[in-house]
Ligand SMILES: *Cc1c(COP(=O)(O)O)cnc(C)c1O
């Protein structure tokens, strides 16, 4: 089975498991796990910030950051199809008591004038707008890269209105691989940045938040309150260190695979897919209604030997990753052609 549902499905390689098995550990709640400390320092250096914090998931990275930057009743600006809106179980409102204002972007990318238009001016009637969250790369946009110039336009507007800035950089390193712009340059305008080790970087568990020393100290306390304090987490951090050392440079391979697959998909009769829109490791496509319902199409693919996710009515997403080879991509192309044949 070729699993293209997400880049979260990767399994640790024997070499990564080896690194995990030999990790030096301690109690990280006491700050005594040398491997966690090393990972946090590595992340901070890579992203050009003072310090890092290892957290169990990307959702926790976002939610601790939202809690840090806001007070109950505040308003947070997010993109309408962002992960925070769609896939975090309403946690920003339940855990931080904030109101989310959504603005739609072009394939997930917001425009500065649209953000400016919704920032509220102080008034006893209005919720104070205190935070802007961006997503790099944009998942539902199809792995879209936020251009650095657009980030600067948005963060300038936010700053001049006193907003804090958080980057959900779950796939930040895919943007780095796609553009050659450094993670530090992308992270620089933000107060907090989170990124996932458990996505394209191929680690089994974990995300990091990076920021300045004062904010990381507060986030460390919030992580404990949210139940994310881990003990001998160096076993997991070792996988993260391995991933940062060995799996960053290879991300361009995933991007080439996604591009190749988008070309194969675009040639299948009844499939609408634009290879030009493929910027990183995701491909979005639509299938003609005559070929079946969404569920039927998904099960045809499964029968043909390939797994993928639906993201709407007859709309699908495939994601390339570490555990998918160039040959797998050619096979997947043939499997999709079979699954989407009208006979
Ligand atoms: C996957 C993802 C997250 C975090 O998800 P977890 O499953 O909690 O690790 C956050 N933001 C984006 C954009 C994501 O794709």
- Message: I'm checking my understanding of the structure. Among residues of region 60-86 that are within 16 Å of the ligand (Cβ to nearest atom) and part of a loop (DSSP other than H, G, I, E, B), which one is farthest from residue 104 (Cα to Cα)?
- Response: 82
- Query: Only one residue in 160, 182, 149 is in the same structural domain as residue 100 (by TED's automatic domain parsing), surrounded by fewer than 16 Cβ atoms within 10 Å (Cβ to Cβ) and touching a helix residue (DSSP H, G or I) at 6+ places or on another chain (Cβ under 7 Å), so which one is that?
  - Reply: 182
- Message: Here is a list: 302, 260. Which entry is closer than 21 Å to residue 107 by Cβ and not assigned by TED's automatic domain parsing to the domain that holds residue 208?
- Response: 260
- Within region 49-59, count every residue that is crowded, with 24+ Cβ neighbours inside 10 Å and within 8 Å of the ligand (Cβ to nearest atom). 1
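Conditions tested, residue by residue: (1) modelled with pLDDT under 95; (2) surrounded by fewer than 16 Cβ atoms within 10 Å (Cβ to Cβ); (3) more than 30 Å from residue 12 (Cα to Cα).
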site: 255; (1), (2), (3): no, no, no
site: 263; (1), (2), (3): no, yes, no
site: 274; (1), (2), (3): no, yes, yes
site: 278; (1), (2), (3): no, no, no
site: 281; (1), (2), (3): no, no, no
site: 287; (1), (2), (3): no, no, yes
site: 322; (1), (2), (3): no, no, no
- Return yes when residue 141 is away from the ligand (no atom under 16 Å from the Cβ) and modelled with pLDDT of 95 or more and no when it is not. no
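The values are calculated or read from the model by the stated rules, or taken from the named source; none is laboratory data. Just so it is clear, the structure is predicted and the values come from calculations on it, not from any experiment. Neighbour counts are summed over all protein chains in view; Cβ atoms, including those assigned to glycine, are modelled from backbone coordinates with ideal geometry.
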